[in-house]
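The values are calculated or read from the model by the stated rules, or taken from the named source; none is laboratory data. Nothing here was measured: the structure is a model prediction, and the numbers come from that model. Note that we place each Cβ from the backbone using ideal geometry, even for glycine, and neighbour counts take in every protein chain shown.
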Amino acid sequence: MIKGFKGIDPWLISDTHFGHQKIIEYCNRPEDHEQIIQENWRRLVGEDDLIIHLGDVAFGSKTNLEVVKALPGKKILIMGNHDYRFTPGRLRDSGFYDIFEEIMVSYCDIQFHLTHKPLPRKKIVGDVNVHGHTHLKCSPYPWHYNVSVEQTSLGPIKLSDIYNHQKNLDPDAGILYHPETEKEFGGI
């Protein structure tokens, strides 16, 4: 199901992986990455702000989800591959008031398709696929934007910042696109 929002400027974050010790090694995160993510979240997101988590919130036991409950904002989750180990009830108990597979957001003149994993161009509804999942890997294509915490200085980012980035892309950059060779990027 695609949930649609129009005219809002939510915060976005992905791949926090709370409780996942190996993520330090896999993604070259600092030892105190969880503390940094939480501090950035608290510094930027207000209690009444909407924040959409694009998946892979926590890893391991349900107690690792408890971190989210203490963080500010009205939280929506787009399910990531590591989130399916938790029941919808457990995810709601940890502070997510709504849970989706994907979300459409219209902001000014751009339509953003929010998912956990990056989509092939032909499956993107709208202009830009905002995603996580790939951590350190970024797509060379202008229709992808990676909000994994490794790409956002270990904190949330405003949709308006992504909009401004997309509007400043050089339309004459000459990116070659061959649908038959487009590959999905790996993730953790």
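Just a yes or no: is a residue in region 66-78 among the hydrophobic types (A, V, I, L, M, F, W, C), over 21 Å from Leu136 (Cβ atoms) and in contact with a His (Cβ under 6 Å, 6 or more places away or on another chain)?
Yes, there is a match, as at least one residue in region 66-78 is among the hydrophobic types (A, V, I, L, M, F, W, C), over 21 Å from Leu136 (Cβ atoms) and in contact with a His (Cβ under 6 Å, 6 or more places away or on another chain).
Quick grid of which residues meet (1) within 26 Å of Ile23 (Cβ to Cβ); (2) free of Cβ contacts under 8 Å to residues at least 12 places away in the same chain; (3) surrounded by 17 or more Cβ atoms within 10 Å (Cβ to Cβ):
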residue: Lys123; (1), (2), (3): no, yes, no
residue: Asp127; (1), (2), (3): no, no, no
residue: Val130; (1), (2), (3): yes, no, yes
residue: His133; (1), (2), (3): yes, no, yes
residue: Leu136; (1), (2), (3): yes, no, no
residue: Pro142; (1), (2), (3): no, no, no
residue: Ser148; (1), (2), (3): yes, no, yes
residue: Ser153; (1), (2), (3): yes, no, no
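Could you give every pair whose Cβ atoms fall below 8 Å, whose first residue belongs to region 10-22 and is at positive phi, and whose second residue is surrounded by 24 or more Cβ atoms within 10 Å (Cβ to Cβ) and of a type in the set (Asp, Glu), counting only separations of at least 6 or pairs across chains?
Correct list of pairs: Asp15/Asp56; His17/Asp56.
Kindly indicate which of Ile51, Ile110 is in contact with a Gly (Cβ under 6 Å, 6 or more places away or on another chain) and under 20 Å from Tyr145 (Cα atoms).
Residue meeting the stated conditions: Ile51.
When region 1-55 is examined, which residues are found to be modelled with pLDDT of 95 or more, assigned to a strand (DSSP E or B) and within 18 Å of Gly80 (Cβ to Cβ)?
Listed by number, the residues that qualify are Trp11, Leu12, Ile13, Ser14, Ile51, Ile52, His53.
Here is a list of conditions, (1) touching a residue at least 60 places away in the same chain (Cβ under 8 Å); (2) in contact with a strand residue (DSSP E or B) (Cβ under 9 Å, 6 or more places away or on another chain); (3) not small (Gly, Ala, Ser), and Leu77 meets all of them except one; can you say which number that is?
(1)
Within region 25-37, does at least one residue satisfy the condition of being within 18 Å of Thr134 (Cβ to Cβ) and among the aliphatic types (A, V, I, L, M)?
yes
It is to be established whether one or more residues within region 8-20 are in contact with a Ser or Thr (Cβ under 9 Å, 6 or more places away or on another chain) and farther than 28 Å from Tyr163 by Cα.
yes
Of the conditions (1) among the charged types (D, E, K, R); (2) loosely packed, with under 12 Cβ neighbours inside 10 Å; (3) out of contact with any helix residue (DSSP H, G or I) (no Cβ under 7 Å at 6 or more places or on another chain), Asp49 clears all except one; give me its number.
The failed condition is (2).
Looking at region 61-115, which of the residues that are surrounded by fewer than 17 Cβ atoms within 10 Å (Cβ to Cβ) and polar (S, T, N, Q) is nearest to Asp127 (Cα to Cα)?
Here the answer is Gln111.
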